[in-house]
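Contents: one structure, followed by commentary.
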């Protein structure tokens, strides 16, 4: 679980052994490999939906509030009513922003998780990230310390940068 004020790559123990800059490049690569435009489209689509959702919530709350006033004669103090209206009207700005950030984080988690699951041992599922590449063979390969299976990168459709994130060039 990630604390929202921390970097997203710190939610994955597979990336803990790498420096922040290497992890930042890994996240950028994961976004690029999994179509970054889809993430932006989802985020931009979430904003008007969040505005409409907040409007519906605010409208329903106002109906409930004024219904209590009319039906039961319950009246809030000016401070409570003003605070309620302030939260309601400013919600049109902060609620969509929070929703967009949550959608962005969810999409980033999905991209990183897809990238990480693609770099697992086909036999046992052990993460191959950060392991030493065996270059003595014709094609680069990795030896799984969990089950002992040797995986050729070419057979899995992987590159050396998939196994060793330090090889990802800065962009």
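For this structure, a couple of remarks:
- Where residue 151 falls short, out of the listed (1) at positive phi; (2) free of Cβ contacts under 8 Å to residues at least 40 places away in the same chain: (1)
- Candidates 6, 25, 10, filtered to the one that is modelled with pLDDT under 80 and in a helix (DSSP H, G or I): 10
- Residue check for residue 116: touching a strand residue (DSSP E or B) at 6+ places or on another chain (Cβ under 9 Å) and outside any loop (DSSP other than H, G, I, E, B): yes
- For the condition in a loop (DSSP other than H, G, I, E, B) and at negative phi, residue 138 qualifies.
- Matching entry among 79, 134 (being loosely packed, with under 15 Cβ neighbours inside 10 Å and either modelled with pLDDT under 85 or within 23 Å of the chain's Cα centre (by Cα) (or both)): 79
- Any hit, region 149-170, residues being within 22 Å of residue 23 (Cβ to Cβ), in contact with a helix residue (DSSP H, G or I) (Cβ under 9 Å, 6 or more places away or on another chain) and exposed (fewer than 12 other Cβ atoms within 10 Å of the Cβ): yes
- Count - residues of region 98-131 that are surrounded by fewer than 17 Cβ atoms within 10 Å (Cβ to Cβ) and closer than 30 Å to residue 48 by Cα: 10
- If the condition is being within 18 Å of residue 115 (Cα to Cα) and either in contact with a strand residue (DSSP E or B) (Cβ under 6 Å, 6 or more places away or on another chain) or at pLDDT 85 or above (or both), then region 39-54 contributes no residue at all.
- Residue match in region 85-94 (condition: farther than 18 Å from residue 14 by Cα and modelled with pLDDT of 85 or more): yes
The values are calculated or read from the model by the stated rules, or taken from the named source; none is laboratory data. The model shown is predicted, which means the values in this text are computed figures rather than measured ones. As a convention, Cβ positions derive from the backbone with ideal geometry for all residues, glycine included, and neighbour counts pool all protein chains shown.
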